[in-house]
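Colleague: Below: one structure in structure tokens.
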Amino acid sequence: MKRTIVMMLAAGLIVASCGEKKETKATEPVTTETNVETETTEVTEVETPNIVGVAVGNENFSTLVAAVKAAELVDTLSGDGPFTVFAPTNDAFGKLPEGTIDTLLKPESKATLTGILTYHVVAGKFMAADVVEAIKANNGSFTADTVQGEKITLMLDGENVVIKDAKGGTSVIIMTDVAASNGVIHAIDTVIMPK
């Protein structure tokens, strides 16, 4: 657009000068000054936050963030990864029996809480399409090792991806492919439990 404006100004000057006759002495230098105002736009590169940063920035994960802090997993989940996190929402934590969250957040429950949280993490970055492809390629269910050490099984229920935990409980992935600099988050509707 700026180039077009400059070309239009130059064309206007040429047309205007064609109709006028000016006398100049050979000893006087002829100069043409064009003051063109230019705009500069500063481009700021925005870096995608890591998994913890994404969770902190989303009010639906406030209970998860409190649990990650209580388990002292902030540094781990802020590491290079990549990780795939099946992140329980606040509503998912709300389905636990009354008093469970308060008990898990106590310092004496740190080992149990760490086990539960790392059970929601798989090493590697698996987008929703990757998960669905793995399920279909493995006759309708795909087993993945969690960072905690036990397995989860992913299956399709119609259009939904369902996670079956070690105790036989299930959770539905309700939001997929939330990008983070060190992996991806898929939100789930129920906390999954190791043995």
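The values are calculated or read from the model by the stated rules, or taken from the named source; none is laboratory data. Everything numeric here is computed off the predicted structure, so don't read it as measured data. Positions of Cβ are generated from backbone atoms using ideal geometry, with glycine treated the same way; all protein chains shown enter the neighbour counts.
Colleague: Mind counting the residues in the stretch 144-181 that are in contact (Cβ under 8 Å) with a residue 24 or more places away in the chain, more than 13 Å from HIS120 (Cα to Cα) and in a strand (DSSP E or B)?
Modeller: So the count comes out to 8.
Colleague: Given the residues ILE185, ILE192, which is the only one that is touching a strand residue (DSSP E or B) at 6+ places or on another chain (Cβ under 6 Å), in contact (Cβ under 8 Å) with a residue 12 or more places away in the chain, surrounded by 19 or more Cβ atoms within 10 Å (Cβ to Cβ) and in a loop (DSSP other than H, G, I, E, B)?
Modeller: Values: ILE185 fails: in a loop (DSSP other than H, G, I, E, B).
Unique residue meeting the criteria: ILE192.
Colleague: Right, another one. Checking LYS125 against (1) crowded, with 19+ Cβ neighbours inside 10 Å; (2) at pLDDT 95 or above, only one condition comes out false. Which one?
Modeller: (1)
Colleague: In the set ASP102, ASP75, which member is free of Cβ contacts under 8 Å to residues at least 12 places away in the same chain and within 28 Å of ASP177 (Cβ to Cβ)? Even if it seems obvious, please write down each step before you answer.
Modeller: Values: ASP102 fails: within 28 Å of ASP177 (Cβ to Cβ).
The unique qualifying residue is ASP75.
Colleague: Let me ask another. Of the residues in the stretch 75-103, how many are within 24 Å of ALA123 (Cβ to Cβ), surrounded by 16 or more Cβ atoms within 10 Å (Cβ to Cβ) and either at pLDDT below 95 or out of contact with any Gly (no Cβ under 7 Å at 6 or more places or on another chain) (or both)? Explain how you work it out, then say what you get.
Modeller: Filtering the stretch 75-103 for residues within 24 Å of ALA123 (Cβ to Cβ) gives 75-89, 92-93.
Restricting the remaining residues to those that are surrounded by 16 or more Cβ atoms within 10 Å (Cβ to Cβ) gives 76-78, 81-89, 92-93.
Remaining after also requiring either at pLDDT below 95 or out of contact with any Gly (no Cβ under 7 Å at 6 or more places or on another chain) (or both): 76-78, 81, 86-89, 92-93.
Final tally of qualifying residues: 10.
Colleague: Here's a follow-up. Does VAL122 count as touching a strand residue (DSSP E or B) at 6+ places or on another chain (Cβ under 9 Å) and assigned to a loop (DSSP other than H, G, I, E, B)?
Modeller: Details: touching a strand residue (DSSP E or B) at 6+ places or on another chain (Cβ under 9 Å): yes; assigned to a loop (DSSP other than H, G, I, E, B): no.
It is false that VAL122 is touching a strand residue (DSSP E or B) at 6+ places or on another chain (Cβ under 9 Å) and assigned to a loop (DSSP other than H, G, I, E, B).
Colleague: Would it be correct to say that ALA67 is within 20 Å of ILE188 (Cα to Cα) and out of contact with any helix residue (DSSP H, G or I) (no Cβ under 7 Å at 6 or more places or on another chain)?
Modeller: Values: within 20 Å of ILE188 (Cα to Cα): yes; out of contact with any helix residue (DSSP H, G or I) (no Cβ under 7 Å at 6 or more places or on another chain): no.
In short, no.
Colleague: Filter the stretch 50-92 down to the residues that are hydroxyl-bearing (Ser, Thr, Tyr) and in a loop (DSSP other than H, G, I, E, B) and list them by number. Don't jump to the end; show me each part of the working.
Modeller: Here is the first cut: in the stretch 50-92, the residues hydroxyl-bearing (Ser, Thr, Tyr) are 62-63, 76, 78, 84, 89.
Once the filter is applied, which keeps residues that are hydroxyl-bearing (Ser, Thr, Tyr) and in a loop (DSSP other than H, G, I, E, B), the stretch 50-92 yields SER78, THR89.
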